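Note sheet for the following structure.
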Amino acid sequence: MKNALLGVAALALAAGMASARPTYTIDFDTDAAGNVIAEGTTLSNQYAAWGVNFVPNVLSGGDWATNTDMTITSIDVGGGYQASYGNILHSFDGWLAEDGDANFGMYFDSAISDLTVRFTGEFDFLSEVALFDGQGNFITSSLATGDGTLSSVTFTGLSTAETAVVLPGWFLDWVGVVDISFTPVPAPAGFGLAAMAGLAAARRRR
């Protein structure tokens, strides 16, 4: 009986452990369903099935743009771009038409544990990503490191971040987003039907 109860306890422990979630990579070539994204598409909710939506111009006033370009393209690109990147976010002509510093928000359905944003562009750009929790409280921010060909920001060990505000360069810097990777925080699994059934059976046999 003791061994049976220990076995049930081990099963319950395994069932209660956090269940891993996949890492998603937004490459702007295909959407969350695997459909090819057409040249010139405007990014918005193509990755909603992965638990994230994009909203431009989340910062207002001062020098922030009111018309941040959210075009997905592999043709209308500036310096630094390489064909191996495929589609990127932010067209060159769109950048020329912006009325301030580009910015957009990534709103996640649940907290994420890590995030990487990779940029390409020209000039000495300073791209930045800032993270906020579900109540809009600031968590942390980081400037991208790298060069005009490829630069990136990476966060790990997160637990409460649900919003990322992306600042791809300044007004005078054309910067495109190459790709974005993120992992939702592991979800705690329930006690488990198998564990509960096993426990009940063990108690009946006592």
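Annotation for the range 102-118: no member residue is at pLDDT below 95 and open to solvent by 30 Å² or more (accessible area, probe 1.4 Å). One residue stands out in the range 141-196 among those that are of a type in the set (D, E, K, R) and open to solvent by 30 Å² or more (accessible area, probe 1.4 Å): the one that is modelled with the lowest pLDDT, namely 147.
Picking from 120, 149, 140, 145, which residue would you name as being without any contact (Cβ under 8 Å) to a residue 12 or more places away in the chain and among the hydroxyl-bearing types (Ser, Thr, Tyr)? Outline the logic, then answer.
On the way: 120 fails: without any contact (Cβ under 8 Å) to a residue 12 or more places away in the chain; 149 fails: without any contact (Cβ under 8 Å) to a residue 12 or more places away in the chain; 140 fails: without any contact (Cβ under 8 Å) to a residue 12 or more places away in the chain.
Going through 120, 149, 140, 145 in turn, just one is without any contact (Cβ under 8 Å) to a residue 12 or more places away in the chain and among the hydroxyl-bearing types (Ser, Thr, Tyr): 145.
Which members of the range 54-66 meet the condition of being at pLDDT below 95 and either within 19 Å of the chain's Cα centre (by Cα) or open to solvent by 60 Å² or more (accessible area, probe 1.4 Å) (or both)? Write out each step before concluding.
Looking only at the range 54-66, we keep the residues that are at pLDDT below 95, and these are 60-63.
Scanning the range 54-66 gives 60, 62, 63.
Pairs meeting the criteria (first residue in the range 154-181 and without any contact (Cβ under 8 Å) to a residue 60 or more places away in the chain and under 15 Å from residue 65 (Cα atoms), second residue open to solvent by 10 Å² or more (accessible area, probe 1.4 Å) and outside any strand (DSSP E or B), beta carbons under 9 Å, at least 6 apart or on different chains) are 172/123; 172/125; 173/95; 173/122; 173/123; 173/124; 173/125; 173/126.
Looking at 31, 76, 69, just one residue is of a type outside the set (Gly, Ala, Ser), open to solvent by less than 80 Å² (accessible area, probe 1.4 Å), more than 21 Å from the chain's Cα centre (by Cα) and modelled with pLDDT of 95 or more, and that residue is 76. Within the range 91-125, the residues that satisfy the criterion of being farther than 16 Å from residue 166 by Cβ and aromatic (Phe, Trp, Tyr) are 92, 123.
Of everything in the range 167-192 that is part of a strand (DSSP E or B) and over 13 Å from the mean Cα position of the chain (by Cα), the residue that is nearest to residue 137 (Cα to Cα) is 167. Being assigned to a loop (DSSP other than H, G, I, E, B) and open to solvent by less than 50 Å² (accessible area, probe 1.4 Å) is a description that does not apply to residue 99.
Does residue 121 fit the bill of being under 15 Å from residue 150 (Cβ atoms), out of contact with any helix residue (DSSP H, G or I) (no Cβ under 8 Å at 6 or more places or on another chain), open to solvent by less than 10 Å² (accessible area, probe 1.4 Å) and at pLDDT below 95? Can you show your working first?
Values: under 15 Å from residue 150 (Cβ atoms): yes; out of contact with any helix residue (DSSP H, G or I) (no Cβ under 8 Å at 6 or more places or on another chain): yes; open to solvent by less than 10 Å² (accessible area, probe 1.4 Å): yes; at pLDDT below 95: yes.
It is true that residue 121 is under 15 Å from residue 150 (Cβ atoms), out of contact with any helix residue (DSSP H, G or I) (no Cβ under 8 Å at 6 or more places or on another chain), open to solvent by less than 10 Å² (accessible area, probe 1.4 Å) and at pLDDT below 95.
The values are calculated or read from the model by the stated rules, or taken from the named source; none is laboratory data. Quick caveat: nothing in here was measured; it's all calculated off a predicted structure. Glycine also receives a Cβ, built like all others from the backbone with ideal geometry; neighbour counts cover every protein chain displayed. Protein only, heavy atoms only, side chains kept; ligands, DNA and RNA dropped before computing areas. Shrake-Rupley method; radii C 1.70, N 1.55, O 1.52, S 1.80 Å.
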